[in-house]
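The values are calculated or read from the model by the stated rules, or taken from the named source; none is laboratory data. The structure displayed is predicted, hence computed values, not measured ones. Don't worry about glycine lacking a Cβ; one is built from the backbone with ideal geometry, like all the others, and counts go over all protein chains shown. Surface areas here come from the heavy atoms of the whole protein model, side chains and all, with no ligands, DNA or RNA. Shrake-Rupley method; radii C 1.70, N 1.55, O 1.52, S 1.80 Å.
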Amino acid sequence: MTETNDTRKLRGEVRDFLAEERARGTVLGRPDSWLTGWDPDFSRRLAGRGWVGMALPPRYGGGGRGFAARVVVIEELLAAGAPVSAHWVADRQAGPSILAHGTEEQRQRFLPAIAAGRCFFSIGMSEQEAGSDLANVRTRAERVPGGWRLTGTKKWTGGAHVNDYAIVLARTGEHEDRHQGLSQFIVDLRAPGVRTEPIHLLTGEHTFNWFHLDGVEVPDDMLLGQEGDGWKQVTGELAFERSGPERYLSTFPLLVSLTRELRRGAATPDQQARLGALLARISAIRQLSLGVADALDAGRPADVRAALVKDLGTRLEGDLVHEVRRILPRTADTGATPGSYPHHLAYALLHSPGYTLRGGTNEILRGIITRGLERQS
Amino acid sequence: MTTTLATRVAALCEAGRLAGPGPFAETVLGHLDVVLPEGPSTVAIADGLSLAYAHPAVTRVGPIGTSGQDAALRVSGTLPRVPYGATSTVLVLTEGPRGPVLFPVDPARATAVPGTNLAGEPRDTLQLHDYAVAADDVRPLTPAELAEAGLRAALARAALIAGAAERCVELTARHTTTRVQFGRPLSHFQAVKQEEARLIEESALVRAAVDAAARELSPVGVAAAKAQASASVAEIARIAHQLHGAIGFTQLSELRFATTRLWSWRDEDGDESHWTALLGRAALAADDVWALLAV
């Protein structure tokens with residue numbers, strides 16, 4: 001991506017907004033804030049600036065600004081460690097998905113609410129027996145008069161206990177090819193039969209859930225897209241999910257914290273060079289990720305490059321934590337003052353196993369990368 | 001017709017891929033209004049030379065501080081490991097007594113000690129002993145022009161590295177899809193796939209950094225590109241050789257044309273330590289480390 005006057009202006013506006021929010025005490029510079037920084041009021045203020053649902057068309061309340069502009073905003077928010085998890089899935093995934101596959105009625109009902117920061121979504125894909133092997137989902141949707149009845153249990157469903165809706169992948173038919181007979185539904189998380197149970201992270205934070213669907217009735221008009229097209233719809237979104245700034249910036253706030261500490265004293269040449277090496281790598285990964293955003297904006301396929309960004313970026317997120325600790329050794333401490341370096345170090349470290357797992361385990365993604373190369377040669 | 005920096009950098013990536021020389025001097029000097037001499041030419045950005053103007057004003061009678069009558073120079077010192085330095089006109093960029101200058105050196109009038117890098121590319125050391133440069137040949141430079149030449153040289157070298165890295169990917173993919181062991185091509189083994197994917201990634205990473213630096217040519221962008229290009233060499237060459245097996249470790253395979261260049265080029269025009277130190281200092285001098293990356 002080349003910075004234009006438009007993107008520079010936008011960047012400046014987001015930085016000013018973040019400065020105001022810091023003064024308000026809402027932006028704490030926490031690592032991995034897109035996973036655990038749940039602040040619906042922040043989301044609504046962000047939406048008030050037009051920065052939620054930015055890529056959605058104006059006729060549905062969106063900004064109509066394209067993915068490249070959205071990336072500018074997302075980068076700034078993540079680098080600052082802003083609490084963006086409430087609207088995260090709605091903005092990144094549910095909005096574009098409803099726009100692409102939804103009925104006109106669904107678009108009018110959900111998209112303006114998403115763009116206003118008033119409607120938050122979860123993703124109900126993974127299950128106990130369907131992790132990397134997503135086609136193995138067991139949740140069933142049976143036809144009932146006027147709709148569907150969903151039964152099953154989703155796992156790792158982030159925010160299901162606080163969000164409004166979930167997009168659920170369920171089996172609607174049996175086929176020899178497991179990729180057929182899957183459909184997506186928009187499920188009201190307050191509907192009868194929905195029950196969530198927390199799954200706590202290593203930090204003790206509650207973001208993931210078991211998401212039980214005990215015969216949840218979903219009306220016909222909440223089928224998303226075509227019956228049986230679930231697999232195609234789900235895999236079509238993956239390039240967006242895998243290549244964004246959240247795949248290399250999750251731990252950037254820890255680096256910000258480090259530089260703040262290093263500026264207090266005289267950094268040694270070794271500390272400077274190690275910091276520089278991290279920045280070189282982040283900068284290069286960022287350029288690769290921006291290239292994918294450009295490809296997506298231009299409608300070009302980018303699944304292989306997205307997988308590549310995700311593997312490189314998320315490995316960096318974890319490596320950064322260990323390297324930062326070597327540059328400025330301190331004891332990681334969840335009991336330290338919130339916002340302090342040892343506190344950030346503890347959260348970044350305890351979250352670190354997740355970086356290379358979420359959004360598709362990296363070992364599986366590398367298979368996509370080598371297959372892409374074989375197709376070329 | 002002017003050729004953009006991005007075009008020249010793309011040509012250098014291709015040159016690096018083919019293990020051939022590219023428009024290196026043209027890229028380094030592209031911002032200067034310099035006509036390259038006839039025949040092969042090369043660039044040396046030098047420090048540590050001793051420069052004096054040949055005809056200083058006779059200050060005993062004139063006002064103190066009057067500068068010389070013309071720009072003719074006498075130069076002494078060493079130009080270490082100049083690419084093709086013994087067989088090309090060397091365009092030297094360096095600090096002079098009145099500010100930075102550019103001037104040509106004819107290796108026939110210097111003492112040339114031939115040498116090579118690990119890939120066998122000539123890296124000749126030239127000793128200059130009171131080497132006379134005619135006034136007409138001395139081109140004064142602004143400090144910004146000299147600094148930009150340094151950035152362009154590093155970017156050009158990083159582009160060559162990006163190309164050689166892509167060659168490693170090509171050759172490795174060819175080998176792993178055609179070499180059969182245990183009844184299957186190597187590329188069908190999960191362990192091979194995992195390593196090969198990392199090779200592809202590391203190569204793509206270098207290319208993305210180089211392309212971005214070529215669009216804007218900022219000190220931070222170039223420092224990041226050359227630092228990452230040099231830093232990625234170890235992993236790229238390691239995986240390419242590992243997946244090639246024994247043949248890559250011998251002169252039976254053309255892989256060496258890429259990997260020996262990578263091992264040499266990472267040190268040339270500033271190694272990763274040089275450029276990461278610059279980045280680190282810039283990050284600590286800035287108010288906001290993020291703003292350094294996303295201008």
task: Determine the residues within the range B:216-254 where the difference in accessible area between the chain on its own and the full set of protein chains amounts to at least 40 Å²; count protein heavy atoms only and use a 1.4 Å probe.
output: B:E216, B:Q228
query: Considering the zone a paramagnetic label at B:A286 would reach in this model (a point 7 Å from Cα along the Cα-to-Cβ line), which residues of the range A:17-43 have amide N under 19 Å from it?
result: A:17-19, A:29-31
query: What total accessible surface area, summed over both chains, is buried at the interface between chains A and B, computed with a 1.4 Å probe and given in Å² to the nearest 100?
result: 3500 Å²
field: the protein assembly as shown - convex hull of alpha carbons, volume per residue in Å³
entry: 183 Å³
- request: Using a 10 Å cut-off on Cβ to Cβ distances, tally the other chain neighbours for every residue of B:191-200 and report the average as a whole number.
  value: 6
field: Calculated FRET value between B:V34 and A:R49, using beta carbons and R₀ = 30 Å, to 0.05
entry: 0.05
query: What's the average, rounded to a whole number, of partner chain beta-carbon atoms within 10 Å of each residue's beta-carbon in A:365-373?
result: 6
- prompt: Once you list every other residue whose beta carbon is under 10 Å from the beta carbon of A:V218, what net charge do they have if Lys and Arg are +1 and Asp and Glu are -1?
  reply: -3
task: Using θ = phi - 60° and the Karplus relation 6.51 cos²θ - 1.76 cosθ + 1.60, list the HN-Hα couplings for the range A:62-72 in order, rounded to whole Hz, with x at every Gly or Pro.
output: x, x, x, 9, x, 6, 4, 5, 4, 4, 4
message: Compute a Gaussian network model of chain B, connecting alpha carbons closer than 10 Å, and tell me which residue from B:A134, B:A285, B:A208 fluctuates the most.
response: B:A285
query: Using the Cα gyration tensor of the range B:95-225, with a ≥ b ≥ c the square roots of its eigenvalues, what is the shape: rounded (a/c below 1.5), prolate (a/b larger than b/c) or oblate (neither)?
result: oblate
- request: Using just the helices of chain B, give the 222 nm mean residue ellipticity in deg cm²/dmol: DSSP H runs with n ≥ 4 each add -39,500 (n - 2.57), and the total is spread over all residues, rounded to 500.
  value: -15500 deg cm²/dmol
field: At most 15 other Cβ within 10 Å, DSSP loop - trypsin sites (Lys or Arg not before Pro), the range A:25-93
entry: A:R49
- prompt: Under the rule of -39500 (n - 2.57) per DSSP H run of 4 or more residues, summed and divided by the residues of chain A, what mean residue ellipticity at 222 nm is obtained, to the nearest 500 deg cm²/dmol?
  reply: -15500 deg cm²/dmol
- prompt: What residue among B:T250, B:T116, B:T172 has the largest mean-square fluctuation in a Gaussian network model of chain B, using Cα springs under 10 Å?
  reply: B:T250
task: Go through A:D319, B:D211 and list them by solvent-accessible area, largest first, probe radius 1.4 Å.
output: A:D319, B:D211
query: If amide H atoms are built 1.01 Å from N in the plane of the peptide, which residues on other chains or at least 5 residues away come under 5 Å of the amide H of B:A54?
result: B:A72, B:L73, B:R74
message: Give me the percent relative contact order of chain B, please, defined on Cα pairs under 8 angstrom at least 6 residues apart.
response: 19 percent
- request: Run the 1.4 Å probe and let me know the accessible area of B:E272, rounded to the nearest 10 Å².
  value: 50 Å²
- request: Sequence neighbours fewer than 8 away in the same chain don't count; with that in mind, list the lysines whose C-alpha is under 21 Å from B:K226.
  value: none
message: Need the list of lysines near A:K9 for cross-linking: C-alpha distance under 22 angstrom, and skip anything on the same chain fewer than eight residues off.
response: none
message: Quick check for you: which residues of the range A:22-62 have the amide N under 17 Å from the point 7 Å beyond the Cα of A:D6 toward its beta carbon?
response: A:50-59, A:62
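Between beta-carbons, use under 14 Å as the cut-off and find the net charge around A:D41, counting Lys and Arg +1, Asp and Glu -1.
+2
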- request: Quick one: compute the contact order of the range A:5-119, relative version, from alpha carbon pairs under 8 angstrom and 6+ residues apart, as a percent.
  value: 34 percent
Contact order normalised by residue count of chain A, Cα under 8 Å, 6+ apart, percent: 16 percent
message: Can you classify the range A:21-148 as rounded, prolate or oblate using the Cα gyration tensor, where a ≥ b ≥ c are the square roots of its eigenvalues, rounded means a/c under 1.5, and otherwise it's prolate if a/b beats b/c and oblate if not?
response: oblate
message: I'd like the mean, over residues of B:283-289, of how many other protein chain beta carbons sit within 10 Å of each residue's own Cβ.
response: 6
task: List the residues whose amide H sits under 5 Å from the amide H of B:D124, counting only those 5 or more places along or on another chain, with H placed 1.01 Å from N in the peptide plane.
output: B:V82, B:Y84, B:G85, B:A86, B:G115
query: Considering only DSSP states other than H, G, I, E and B, which trypsin sites (Lys or Arg not before Pro) in the range A:111-198 qualify as loop sites with at most 10 other Cβ atoms within 10 Å?
result: A:R190
- request: Classify the range A:123-226 as rounded, prolate or oblate from the Cα gyration tensor: take a ≥ b ≥ c as the square roots of its eigenvalues, call it rounded if a/c is under 1.5, otherwise prolate when a/b beats b/c and oblate if not.
  value: oblate
- request: First measure r as the distance between the Cβ atoms of A:D214 and B:Q194, then evaluate 1/(1 + (r/R0)^6) with R0 = 30 Å and state the FRET efficiency to the nearest 0.05.
  value: 0.15
